[in-house]
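Worksheet: one structure, shown below.
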Amino acid sequence: MNGKATGDGDRQGNRIIPGINARLTALRSDLFSVSDYSADKLAEIIRDVGFACDCCTKCCTKEFNDHVFLLDNDTAVIKGIATEALVPAPYFELCDQNGQFYDSGYALRTLPDGSCFFLGGTRCRIYNSRLSICRIYPYMLHREPDDDGIVDWRQVSGLNKHGSYHNEIPVIECLAIAQETKEFEIAFLEQTIRFYEFLCGYFADNRLRHVRKVYDDRMRAFRKGEEIEVAVLYNGRLEPWRMRGDGAVPGNGTL
Ligand code: SF4
Ligand code: SF4
């Protein structure tokens, strides 16, 4: 990959960084598709499925959910409750030629037993300030491959693996859930797009480039116990972190 910045702009006026721009194009296309998806159609699916939660709390553990990704407004809530609950979200998007990783947001810390930082017994300790993704779960609006590799829209996570089905849900409630689910997916895509747009400018200004081989080498070293540095974009600023094994601590200074 040629990581040299061209200095040219795309139609949105962003500087083009090879390797990042293809991702931005795909994200903008996803954003168009999700925005265009009919909330009425999603509400009908929600009504047909008739899901009801049985409060098993599996979705608050790694058994069901790899991580709880936070939109920036969720991160603001957690910063006001317990900053120690924040960690850089896994699967960092980019790594520059110097081995510095870049991440589009935070996730909630998981405790050693695999449960969410905020799970207390069978209850969410911050239920009244519930985070965006916790509010909409198990609803979603993603295009994903199924077990046979066929890519299509998925609207319910873990279908038939939790809760109960074919319950009566009032139409007005289905519509409200559909609207909230769409809003979450749009906000998630917008946050990821903002991240890549920011990084286009940051990489160009600092003569950096994303290098896949460095990314893979540093991840291998991380898995063997070496420390890595991760910068999380939050509210237009990169916040530095140091990570080793399951540990993640805020770094010093600013990037
Ligand atoms: S914040 Fe609460 S609802 Fe969300 S995963 Fe954690 S315990 Fe569950
Ligand atoms: S949403 Fe599903 S996994 Fe989560 S508590 Fe309810 S039934 Fe259990």
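The values are calculated or read from the model by the stated rules, or taken from the named source; none is laboratory data. Just so you know, these numbers come straight off a predicted model, no measurement behind them. FYI the Cβ positions are ideal-geometry reconstructions off the backbone, even for glycines, and counts take in every protein chain you see.
General observations
- Qualifying residue in the range 114-137 (condition: polar (S, T, N, Q) and closer than 16 Å to Val87 by Cα): yes
- Taking first residues from the range 152-171 that are closer than 22 Å to Thr61 by Cβ and in contact (Cβ under 8 Å) with a residue 60 or more places away in the chain and partners that are within 11 Å of ligand 2 (Cβ to nearest atom) and in a strand (DSSP E or B), the Cβ contacts under 7 Å between residues at least 6 apart in sequence or on separate chains come to Val156/Tyr139; Gly163/Ala52; Ser164/Ala52.
- Restricting attention to the range 127-155, the residues that are in a loop (DSSP other than H, G, I, E, B) and either more than 14 Å from ligand 2 (Cβ to nearest atom) or at pLDDT 95 or above (or both) add up to 8.
- Where Cys95 falls short, out of the listed (1) away from ligand 2 (no atom under 16 Å from the Cβ); (2) of a type outside the set (Phe, Trp, Tyr); (3) surrounded by 12 or more Cβ atoms within 10 Å (Cβ to Cβ); (4) in a helix (DSSP H, G or I): (4)
- Just so you know, in the range 172-187 the residues that are free of Cβ contacts under 8 Å to residues at least 40 places away in the same chain and under 27 Å from Tyr106 (Cα atoms) include one that is farthest from ligand 2 (Cβ to nearest atom), and it is Glu183.
- Residue in the range 99-114 that is surrounded by fewer than 20 Cβ atoms within 10 Å (Cβ to Cβ), within 13 Å of ligand 1 (Cβ to nearest atom) and of a type outside the set (D, E, K, R) present: yes
- Sole exception among (1) surrounded by fewer than 21 Cβ atoms within 10 Å (Cβ to Cβ); (2) over 26 Å from Gly163 (Cβ atoms) for Cys53, by number: (2)
- Screening Asp36, Asp66, Asp74 for residues that are within 12 Å of ligand 1 (Cβ to nearest atom), exposed (fewer than 12 other Cβ atoms within 10 Å of the Cβ), closer than 22 Å to Phe184 by Cα and of a type in the set (D, E, K, R) leaves exactly one candidate, Asp66.
- Residue that is of a type outside the set (Phe, Trp, Tyr), surrounded by 16 or more Cβ atoms within 10 Å (Cβ to Cβ) and in a loop (DSSP other than H, G, I, E, B), where the choices are Ile169, Ile177: Ile169
- Criterion violated by Ser164 - all others in (1) in contact with a strand residue (DSSP E or B) (Cβ under 6 Å, 6 or more places away or on another chain); (2) farther than 18 Å from Asp48 by Cβ satisfied: (2)
- Where a residue in the range 56-74 is under 16 Å from Pro88 (Cα atoms) and its partner, wherever it lies, is surrounded by fewer than 17 Cβ atoms within 10 Å (Cβ to Cβ) and aliphatic (A, V, I, L, M), with Cβ under 6 Å and at least six apart: Leu71/Ala187
- Applying the condition of being under 11 Å from Pro88 (Cβ atoms) and not β-branched (Val, Ile, Thr) to the range 207-237 and asking which residue is surrounded by the fewest Cβ atoms within 10 Å (Cβ to Cβ) yields Glu229.
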